[in-house]
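Asks: Sharing a structure, written as structure tokens. Questions coming.
The values are calculated or read from the model by the stated rules, or taken from the named source; none is laboratory data. If you're wondering where the values come from, they're calculated on a predicted model, not measured in any experiment. Don't worry about glycine lacking a Cβ; one is built from the backbone with ideal geometry, like all the others, and counts go over all protein chains shown. Surface accessibility is based on the protein's heavy atoms, side chains included, excluding ligands, DNA and RNA. Shrake-Rupley method; radii C 1.70, N 1.55, O 1.52, S 1.80 Å.
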Amino acid sequence: MDQFIEQIVTGLSIGSILLLVALGLSIIYGSMGIINLAHGEFVMLGAYAAWVFHTYLGLGLLASLVPIFLVVAAFGWVIERYVLSLLNNRPLDTILATWGVGIMLQQAVRLMVGSELRYVQLPPALSDSMSVFGIPVSSYRVFLFVVSIALFGATWLLMNRTTVGMKLRAIIQDRSVAASFGINAKRVYALTFAYGAGLAGLAGALVSPLKSVSPDMGTGYVVDAFMVVVLGGVQSLAGTVASAFILGELSGGIAFLQNDTVAKAIVLLAIVVLIRFRPEGLFTARVRA
Amino acid sequence: MPSHVPHSSGLQRLIAQLAPLLIVCAVVFALPVLLNNDFLLNKVARYLVLGILTVSLGMSWGFGGILNLGQAMSFGLGSYAMAMALKLKTVPVHTGASGLPDFMVWNNVQHLPWFWEPFRSLSFAIAAGLIVPALVAAALGWFMFRGRVTGVYVSIITLATMVVINLVIIDQQSYTGGFNGITDLAQLEIFGVAFDAYGRATYYLVAGCVLLSLLVAFAFTRTKAGLIVQAIRDHESRVRYFGYDVALYQIFVFALSAAIAGLAGMLYTVVMEFASPTFLGVQLSLSVVVWCAVGGRQSLVGAFLGAVLVAGMQGALSESAAFLETWTLVMGALFVLVVLFLPKGLAGLAQVVLRWIVQRRHAAGRGVAQGVGQTEGST
């Protein structure tokens, strides 16, 4: 029984990291139809930003979260404004453009700070472990879980309870009608992309103490995050959350029985089969043409 | 000398379309005469193989509108099929009772696994190198295209599938050689001809396959099925309303492209003398997309040249590590610029320039009196 609970908790922990990384991706894909292959590089930038703030400015991880969000969001804003906005009607080409941007970011970081692994310290306040359902769990992982849920909540509020969110939803429904009502679609898109990028940066900063930081760390995360988005369906934030935790539990469980790779293979197989029968994702009620 | 844009007959147009392809192939075949250096020839053969791979992507992406980010998966599967057969032909130093490959002995595998057994036959391996990638692609395509998944979704799923297969190959070390791949291979020998990686025979084998795959791809784009595939790319639902089985055509072009990629993979093993998980890595797979985009996704010859030139340039620069790192940065920037401003790649640019020259000549023929502005109108 203890082992079972331990597995559940491990799955929740994996799921919360997946959610952190996938949230920004899901927003950008769901609202702009852009597959952002530079997402992994935004994650990487966030992790390096955490390292830079800690090493050169002596800031702790928690204190640097807000600046990291702003820095990576600024990157995202620039990229949307000067690259992606030129590709309005060519969704397939945005994949290529974002990938090219990703290569450049990765290589620029490699040239500037080298490809050695970097390490970020756990916040001292969260470095011990606590007991969850009688199972000892690292406090930091509990913290990640709480943060990922909080970020989801904030994003949901932003989309559904603010003017910017309302404008964005109007643009998603019909861009030209929205524009004729005086909504500046370009500005809203740029802000959305910046927000998604900022979330990726936060994700990178938050996972940096758990894994080492390297220029190519983003690639692994981004594929997992795509699976979350595919399973959850687009335009459904709740779907993203549910699928992140389902995938987390599945990977955790299968990895316990077999190993990590087998877990990934089985999860992918399940997703491919699922797509045949529910191409719109598990949690979307209907798709608009 | 015709004074108007000629209304050429079908045959003339066919010849005009085939001309760049045949010229490029003639150059490929003539190269060993000019290049008397086996080491360099081996390198060129490598770029030619990557060119074939890029042509296969051009088929599914440029003509079918299916952006397969996992094209290297088919390439890798072909490469492993060839490597498995060549590995069993070696006379290994450290072997178990039944001539087990060395890495299996190191991993304490007692018997040759069942899926290795048929690879004792080279013809089986060559058939497998074509059919296995095609079948995997067809199965994946069945799930995706029957589910009417399109566009960016297809790209993510193909990418994810490749990543997972790559991980499985690395993970199953005792059966696949894991991270190191399959090394120390025997030479390929067909009908008594030995294909040494640095020999002329191998180069001509590769050159022959370049010609073959370019012709197959070209022929396909001109068949009815090829035209329907292009129609699906441009307007999927309209083709569906005409009563065509859209998914079937998509699956077909997807599988055919995978088979050609598998062929390229087999050749790559012969030229490189090993198979490695990096052959189905994200890096290579995305590079293929870059080459295809730079060369021109809707031109088979353009895609081929894009791969040979860009990969060749990268190879030439890779002598110095610092240069290579800057090169990657430049490459990324170049790629973004091509995507933004040259969606048809260099082939598209060549077309524009060619048309401009032709128009200029016609304008000159007609005389200045007719005015330069009118030349804009003729197409």
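Asks: Among A:GLY201, A:SER129, A:LEU237, flag the residue with its Cα farthest along the positive direction of the charge dipole of chain A, charges on Cβ as +1 for Lys/Arg and -1 for Asp/Glu.
Replies: In chain A, that residue is A:LEU237.
Asks: Scaled to the compact-protein estimate 2.2 N^0.38 Å, what is the alpha-carbon radius of gyration of the range B:20-282, rounded to two decimal places?
Replies: That ratio works out to 1.06.
Asks: Quick one: which of B:229-242, B:272-285, A:38-51 comes out on top by average Cβ neighbours within 10 Å, and what's the full order, highest first?
Replies: Going by the mean number of other Cβ atoms within 10 Å, highest first, we get A:38-51, B:272-285, B:229-242.
Asks: Let me have the relative contact order for chain A, percent, based on Cα pairs under 8 Å that are six or more residues apart.
Replies: 38 percent
Asks: So what is the diffusion coefficient of the range B:187-344 in µm² per second by Stokes-Einstein at 20 °C and 1.002 mPa s, using a Kirkwood Rh over Cα pairs?
Replies: Reported coefficient: 119 µm²/s.
Asks: So which chymotrypsin sites (Phe, Trp or Tyr not before Pro) in the range B:49-150 are both in a DSSP loop and have at most 10 other Cβ atoms within 10 Å of their Cβ?
Replies: Within the range B:49-150, the qualifying chymotrypsin sites (Phe, Trp or Tyr not before Pro) (loop, at most 10 other Cβ atoms within 10 Å) are B:TRP114, B:PHE115.
Asks: In Å, the Kirkwood hydrodynamic radius of the protein assembly as shown over pairs of distinct alpha carbons?
Replies: Computed over Cα pairs of the protein assembly as shown, the Kirkwood hydrodynamic radius comes out at 26.9 Å.
Asks: Determine the dipole magnitude for chain B: charges of +1 sit on the beta-carbon of Lys and Arg, -1 on that of Asp and Glu, nothing else is charged, the reference point is the Cα centre, and the result goes in debye to the nearest 20.
Replies: It comes to approximately 1400 debye.
Asks: Residues of B:276-282, mean number of Cβ from any other protein chain within 10 Å of their own Cβ, rounded to a whole number?
Replies: 1
Asks: Expressed as an acute angle from 0 to 90° and rounded to the nearest 10, what is the orientation of the C-alpha long axis of helix B:224-234 relative to the principal long axis of chain B?
Replies: 80 degrees
Asks: Just want the answer: with Cβ charges of +1 for Lys and Arg and -1 for Asp and Glu, which residue in A:ALA255, A:SER31, A:LEU144 is farthest toward the dipole's positive end in chain A?
Replies: A:SER31
Asks: Then there is this: Using only protein heavy atoms and a 1.4 angstrom probe, determine the accessible area buried between A and B, summed over both sides, in Å² to the nearest 100.
Replies: 3600 Å²
Asks: To the nearest 10 degrees, how steep is helix B:122-146 against the longest Cα principal axis of chain B, on a 0 to 90 scale?
Replies: The helix B:122-146 is inclined about 60 degrees to chain B.
Asks: How many partner chain Cβ atoms sit within 10 Å of a residue's Cβ in peptide B:329-341, on average, as a whole number?
Replies: Counting Cβ atoms of other protein chains within 10 Å of each residue's Cβ and averaging gives 6.
Asks: List nothing, just return the count: lysine pairs in the protein assembly as shown, 8 or more apart or interchain, with Cα separation under 30 Å.
Replies: Pairs that pass both the separation and distance tests number 8.
Asks: Kirkwood hydrodynamic radius, the range B:117-185, all distinct C-alpha pairs: what's the number in Å?
Replies: One over the average 1/r among Cα pairs gives 14.1 Å for the range B:117-185.
Asks: Summing -39500 (n - 2.57) over the DSSP H runs of n ≥ 4 in chain B and dividing by its residue number, what mean residue ellipticity at 222 nm do you reach, to the nearest 500 deg cm²/dmol?
Replies: Result for chain B, helices only: -23000 deg cm²/dmol.
Asks: Taking only C-alpha pairs under 8 Å that are 6+ residues apart, what is the relative contact order of the range A:20-106 in percent?
Replies: 41 percent
Asks: Where does the range A:154-289 land on the Kirkwood hydrodynamic radius, alpha-carbon pairs, in angstrom?
Replies: It is 17.1 Å.
Asks: Please report the projected area of the range A:64-166's Cα convex hull averaged over all directions, in nm².
Replies: Orientation-averaged projected area of the Cα hull: 10.5 nm².
Asks: Can you give me the relative contact order of chain B as a percent, contacts being Cα pairs under 8 Å and 6 or more apart?
Replies: 31 percent
Asks: With unit charges on the beta carbon (Lys/Arg positive, Asp/Glu negative), name the residue among A:SER180, A:VAL120, A:THR98 whose Cα is farthest towards the positive pole of the charge dipole of the range A:68-187.
Replies: Farthest along the dipole direction, towards plus: A:SER180.
Asks: At 1.4 Å probe size, with every protein chain present, just tell me what the per residue accessible area of the protein assembly as shown comes to in Å².
Replies: 45 Å²
Asks: Note the angle between two axes, namely the Cα long axis of helix B:345-366 and the longest principal axis of the Cα atoms of chain B, as a number of degrees from 0 to 90, rounded to the nearest 10.
Replies: Between the helix axis and the principal axis of chain B, the angle is about 30 degrees.
Asks: Treating only the Cβ of Lys, Arg, Asp and Glu as charged (+1, +1, -1, -1), what charge dipole size does the protein assembly as shown show about its Cα centre? Round to the nearest 20 debye.
Replies: Dipole about the Cα centre, nearest 20: 2380 debye.
Asks: Let a ≥ b ≥ c be the square roots of the eigenvalues of the Cα gyration tensor of chain A; is it rounded (a/c under 1.5), or, if not, prolate (a/b larger than b/c) or oblate?
Replies: Taking the square roots of the gyration eigenvalues as a ≥ b ≥ c, chain A is oblate.
Asks: Determine the share of the protein assembly as shown's accessible area contributed by carbon and sulfur atoms, expressed in whole percent, with a 1.4 angstrom probe.
Replies: The value for the protein assembly as shown is 66 percent carbon and sulfur by accessible area.
Asks: Compute, for the range A:2-277, the length of the dipole vector about the Cα centre, with Cβ point charges of +1 (Lys, Arg) and -1 (Asp, Glu) only. Units Debye, rounded to 20.
Replies: About 840 debye.
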